[in-house]
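Trainee: One structure is given below, represented as structure tokens, and several questions about it will come after.
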């Protein structure tokens, strides 16, 4: 018998996209699942959509943010396999079966990672198809090794979260990234060479606002605490890698400033 998959969706004023998220779960045609939606008290019509689908388990009440909602949903979950689906994201057809096939085939597998499509404001696919890096050392270097941090692209056994513990409710922007770091300390990640999830990198989403506001420094400050778990050799390599990343971005920014001044002077001359 196929394992039960618990899909956990945090939500707040998600009327624009949440129905597609729900339908992407139903479209899996997977027989054993539960879809738990933890809504933070939406007032935009989200709750009316939830009421349309009798298979959903959902609550709508104030919470302390996305991490709190994710923890609440996990406590409600009864499935052997866990996956989080943000309200504005959706699964790729066949994702459930692909993940379960690997988990069933090899009992040493606890964590399955696939590709993740990224969609922009215009509904166009962003070409982020690099295979994810799966070790703790590589995931730690978010500036160098792209990883599909969006949780629609990874499935794991419930034992993983029991080991790692709940999401930090004080971490409002990178709680899923921190979870991956903690999980990578205890479990090997297994890669499936196919798309499992889709996420929207659009102006209304928190991920977009984080990047647009230049909060990579905050991300570094939050995750720097995990650097000390590296060997001294790897610590130095990570430090050098980040220093090069900062230097290259600073140099590029300086180039753009000089180019802007040059164009301004050229326009004045013309």
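Derivation of every value follows stated rules applied to the coordinates shown; laboratory data play no part. Everything numeric here is computed off the predicted structure, so don't read it as measured data. For neighbour counting, all protein chains shown are included, and Cβ atoms are generated from backbone atoms with ideal geometry for every residue, glycine included.
Trainee: Need one number: nm distance between label points at residue 143 and residue 188, each 7 Å from Cα along Cα→Cβ, rounded to one decimal.
Mentor: A separation of 3.1 nm, rounded to one decimal place.
Trainee: A further question on this structure: To the nearest Å, what is the center-to-center distance of the stretch 171-187 and the stretch 1-50, using C-alpha atoms only?
Mentor: Taking the Cα centre of the stretch 1-50 as reference, the centre of the stretch 171-187 is 23 Å away.
Trainee: Something else now. Can I get the semi-axes of the stretch 5-229's equivalent ellipsoid? Compute them from the C-alpha gyration tensor as square roots of 5 times the eigenvalues, in angstrom, largest first. All intermediate terms of the calculation are to be shown ahead of the outcome.
Mentor: Values: eigenvalues 118, 89, 63 Å².
So the equivalent ellipsoid measures 24, 21, 18 Å along its semi-axes.
Trainee: Restricting to the stretch 5-229, what percent of DSSP beta bridges are antiparallel, rounded to 5? Don't jump to the answer; show the numbers that get you there.
Mentor: On the way: 9 of 32 bridges.
In the stretch 5-229, DSSP labels about 30 percent of beta bridges as antiparallel.
Trainee: So, one more: What distance in nm separates the two pseudo spin-label positions at residue 64 and residue 227, each 7 Å out from Cα along the beta-carbon direction?
Mentor: Roughly 2.8 nm, to one decimal.
Trainee: Nearest 0.05, what FRET efficiency do residue 15 and residue 108 give at R0 = 35 Å with Cβ-Cβ as r?
Mentor: Details: r = 42 Å, r/R0 = 1.21.
For R0 = 35 Å, the calculated efficiency reads 0.25.
Trainee: Given the Cα-Cα distance of residue 201 and residue 248 and 0.36 nm per residue of separation, how much length would full extension add, in nm? Each step should come with its number before you reach the end.
Mentor: Values: separation 47, 0.36 × 47 = 16.92 nm, distance 2.44 nm.
Contour length minus the Cα-Cα distance gives 14.5 nm.
Trainee: Turning to a different aspect of this structure: Treat each spin label as a single point 7 Å out from the Cα along the C-beta direction, and report the residue 78 to residue 2 distance in nm.
Mentor: Distance between label points: 1.8 nm.
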